[in-house]
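All remarks here apply to the structure that follows.
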Amino acid sequence: MTPILSAEDVHFSFPGEVAALRGLDLEVAAGRSLAILGPNGAGKSTLLLHLNGTLRPGAGHIRLDGETADYSRKGLNRWRQRVALVLQDADDQLFAATVFEDVSFGPLNLGLGEAETRARVEEALAALGIADLHDRATHMLSGGQKKRAAIAGALAMHPDVLLLDEPTAGLDAEGAAQLVATLRGLAAKGVTLVFTTHDVELAWTLADDVALFRGGRAVAASGAGTILTDRALLEGVGLRPPLLLDLALHARDRGLIAEGAPLPRTPDDLKRAMAGWRSGG
């Protein structure tokens, strides 16, 4: 099946010949969630900026549904209707006076009428659980509320792919948990997610697939269960397996989780699995 997005032998350098991507190859499968893991400077954020057309490769190709990216104004507009990007710092993305005005900017820019725009904004705010912030000034939002408002602005475009740079960065534990639950809900509805993170626990909780980045390349890419149980691969990019995954594998080895059963992705999943074992289920 043709990937919804792909990077083929992509090279990119910032001014001063600072190489960020060095022959990077990566495929994004439609309807799945992909975590991009790696150390600082590995090229993770730079790739996201290529996947929505903000940056253009010095060499190589970005493809959408198998077609080479069109960098004309018209082509970029079509591309960004389908592939939305949420930056790490929501303050870099929110600019309008109120949440409603900010989230409505994208649909209005598409030329949609007032009624359709309002419907999309209300739908996006409800999906992110911030309908009550409709008229709130953006500068009065908390960090978690800003992140949700930024994602709502992306969702109002009705994208096929949502790109997120370090989605839980700067959030407290409660805010991060709420956001992860929201993203899992979006993934369940078929939105393709691609997110960068340093957090292996987040990758295990949210991702179907994982790509490990180092030195501007993807050094490995496969299913989350394959990559995140490979200690040697993870150590190569300065990471360790997720604690929750380690616990789940240990529980399965001890017969506390049935062989072949899905491994728990959240602490609550693990508790339910253990409760089922204790009750004989």
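The values are calculated or read from the model by the stated rules, or taken from the named source; none is laboratory data. Computed from a predicted model, the values in this text were never measured in an experiment. Neighbour counts are summed over all protein chains in view; Cβ atoms, including those assigned to glycine, are modelled from backbone coordinates with ideal geometry. Accessible surface areas use protein heavy atoms only, side chains included; no ligands, DNA or RNA. Shrake-Rupley method; radii C 1.70, N 1.55, O 1.52, S 1.80 Å.
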request  = Please figure out what share of the DSSP beta bridges in the chain is antiparallel and state it in percent, rounded to the nearest 5.
outcome  = 55
key: Value of [θ]222 nm, deg cm²/dmol, for the chain, DSSP H segments ≥ 4, -39500 (n - 2.57) each, nearest 500   = -12000 deg cm²/dmol
query = So what J values fall out for the stretch 13-24 if you push phi through Karplus, 6.51 cos²θ - 1.76 cosθ + 1.60 with θ = phi - 60°, rounded to Hz, Gly and Pro as x?
reply = 10, 7, x, x, 6, 8, 6, 10, 10, 10, x, 7
task = Bin width 5 Å, alpha-carbon pairs only: give the P(r) of the stretch 4-91 as whole percents, running from 0 to the bin holding the largest distance.
result = 3, 13, 25, 26, 21, 11, 2, 0
key: Other-chain or far-sequence residues with amide H under 5 Å of V86's (modelled H)   = L163, L164, D165
query = If all Cα-Cα distances of the stretch 79-166 are sorted into 5 Å bins from 0 onward, what percent lands in each bin, rounded to whole numbers?
reply = 3, 17, 29, 28, 18, 5, 1
inquiry  = Need the C-alpha centroid separation for the stretch 172-203 versus the stretch 215-271, integer Å.
reply    = 17
Largest to smallest principal axis extent of the C-alpha atoms in the stretch 175-281, angstrom = 49, 32, 23
query = For the chain, what % of the accessible area comes from carbon and sulfur atoms, probe 1.4 Å?
reply = 50
message = Could you report the stretch 75-227's accessible area per residue, 1.4 Å probe, as an integer in Å²?
response = 42
inquiry  = Cut-off 10 angstrom, C-alpha nodes, Gaussian network model of the chain. Which of L64, L108, L228 fluctuates the most?
reply    = L108
ask   = Rg/Rh for the stretch 233-274: what does it come to with C-alpha atoms and Rh from Kirkwood?
value = 1.05
task = Find me the longest stretch of the chain that has none of the exposed chymotrypsin sites (Phe, Trp or Tyr not before Pro), where exposed means in a DSSP loop (not H, G, I, E or B) with at most 15 other Cβ atoms within 10 Å.
result = 96-281
inquiry  = Given contacts defined as C-alpha pairs under 8 Å and at least six residues apart, what's the relative contact order of the chain, whole-number percent?
reply    = 23
